[in-house]
Structure formats: C-alpha cells, structure tokens
Amino acid sequence: MGSDSEAKDAVSEAIEKAKPVLSKLTFGSIVGYCSGAATKKVGKAIAVLGGLAFIAIQSAVYSGYVEVNWNKVQKEAIAKVDTDGDGELTVKDVKTYWFKVKNILTNKIPSAGGFSIGFLYGLSHA
C-alpha cells in the first residue's frame, strides 16, 4: 500500500477528524462506555424477563388460577429499593444507587474521571 491510498482511507480520515475527541479519551471513559453498554444490554434482558413473568402471572390471575395482591407487591417492592425510607422511589434513591455502583466500578481505576461520561454514552449509544 502506498502513502496515497493510506492518506485517502476513510477510516484514517475519520480518525483525523476525531483526533480532538480521541486525545481526551481516558481509561476511565473507555471502561465507562463498556460498562454502560453492558448495563444497557443486561437491563433490556431483565426487562424482557420481568415483562414475561408479569404476563404469565397476570394471565393466571385473569384466568382465576391465582390471586395476587398487587398493592402489597408494589408496597413491598418499593420498600426493598427505597433508600431514604419515604415510601417512594425518587430521584434521590436513584442517585444513591448510582453513586454506589460508580464507587464499585471506579474503585482503584486510574483516571476514572471520565467514567460517568463514558457510562452515559455507552448507555445511550450502544
């Protein structure tokens, strides 16, 4: 390959255009992206399984095979994830879980400063 073909290569041109962004990539932002992408995939799988379980249970309720006290289920489910004990799942609760997860995932990681940005990008673009 000659230098002319390398200079006109589409990927090389894209890398040159992305140079300002690429120069700011850190290990933390890369593992943040990967963690966000993985979280998105696992979250989708959990949502599918949860949805299928609900459909199966609700179908059995509708058919008269079982009785479910959904108010009790809701109350107990919220109590399990409510970090501040106010009986509601709020932004404050979600932030508490985010900081716990972030502390675990960035523990002893060098240059973890870009982790959150990478995580959000992976969560939204993977």
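Given Gly122, Gly87, Gly114, which one is at pLDDT below 90, surrounded by 11 or more Cβ atoms within 10 Å (Cβ to Cβ) and either assigned to a helix (DSSP H, G or I) or not basic (Lys, Arg) (or both)? Lay out the reasoning, then the answer.
Details: Gly122 fails: at pLDDT below 90; Gly87 fails: surrounded by 11 or more Cβ atoms within 10 Å (Cβ to Cβ).
When all the criteria are applied, what remains is Gly114.
Could you list, in sequence order, the residues of the range 90-106 that are without any contact (Cβ under 8 Å) to a residue 60 or more places away in the chain, among the β-branched types (Val, Ile, Thr) and not in a loop (DSSP other than H, G, I, E, B)? Talk me through it step by step, then tell me what you get.
Going through the range 90-106, the residues without any contact (Cβ under 8 Å) to a residue 60 or more places away in the chain turn out to be 90-104.
With among the β-branched types (Val, Ile, Thr) added as a condition, the list becomes 90-91, 94, 96, 101, 104.
Val91, Val94, Thr96, Val101, Ile104 - these are the residues of the range 90-106 that are without any contact (Cβ under 8 Å) to a residue 60 or more places away in the chain, among the β-branched types (Val, Ile, Thr) and not in a loop (DSSP other than H, G, I, E, B).
Please find, among Leu123, Leu49, Leu105, the residue that is of a type in the set (A, V, I, L, M), more than 30 Å from Leu22 (Cβ to Cβ) and within 20 Å of the chain's Cα centre (by Cα). Walk me through it before giving the result.
Numbers: Leu123 fails: more than 30 Å from Leu22 (Cβ to Cβ); Leu105 fails: more than 30 Å from Leu22 (Cβ to Cβ).
The match here is Leu49.
Just to be sure, is Ile109 free of Cβ contacts under 8 Å to residues at least 60 places away in the same chain, surrounded by 11 or more Cβ atoms within 10 Å (Cβ to Cβ) and touching a Gly at 6+ places or on another chain (Cβ under 7 Å)? Step through it out loud before you land on a result.
Working: free of Cβ contacts under 8 Å to residues at least 60 places away in the same chain: no; surrounded by 11 or more Cβ atoms within 10 Å (Cβ to Cβ): yes; touching a Gly at 6+ places or on another chain (Cβ under 7 Å): yes.
For Ile109, the condition - free of Cβ contacts under 8 Å to residues at least 60 places away in the same chain, surrounded by 11 or more Cβ atoms within 10 Å (Cβ to Cβ) and touching a Gly at 6+ places or on another chain (Cβ under 7 Å) - is not met.
Of everything in the range 35-84, what is in a loop (DSSP other than H, G, I, E, B) and within 19 Å of Val101 (Cα to Cα)? Give them in sequence order.
The initial filter retains those residues of the range 35-84 that are in a loop (DSSP other than H, G, I, E, B), namely 64-69, 82-84.
Residues satisfying the conditions are Asp82, Thr83, Asp84.
Return the residues of the range 28-66 that are free of Cβ contacts under 8 Å to residues at least 60 places away in the same chain and either hydroxyl-bearing (Ser, Thr, Tyr) or surrounded by 15 or more Cβ atoms within 10 Å (Cβ to Cβ) (or both); say none if nothing qualifies.
Scanning the range 28-66 gives Ile57, Ser59, Tyr62, Ser63, Tyr65.
Is one or more of the residues making up the range 14-22 open to solvent by less than 90 Å² (accessible area, probe 1.4 Å) and closer than 17 Å to Phe115 by Cα?
yes
The values are calculated or read from the model by the stated rules, or taken from the named source; none is laboratory data. The shown structure was predicted, so the numbers you read here are calculated from the model rather than taken from an experiment. Don't worry about glycine lacking a Cβ; one is built from the backbone with ideal geometry, like all the others, and counts go over all protein chains shown. For accessibility, only protein heavy atoms count, side chains too; no ligands or nucleic acids. Shrake-Rupley method; radii C 1.70, N 1.55, O 1.52, S 1.80 Å.
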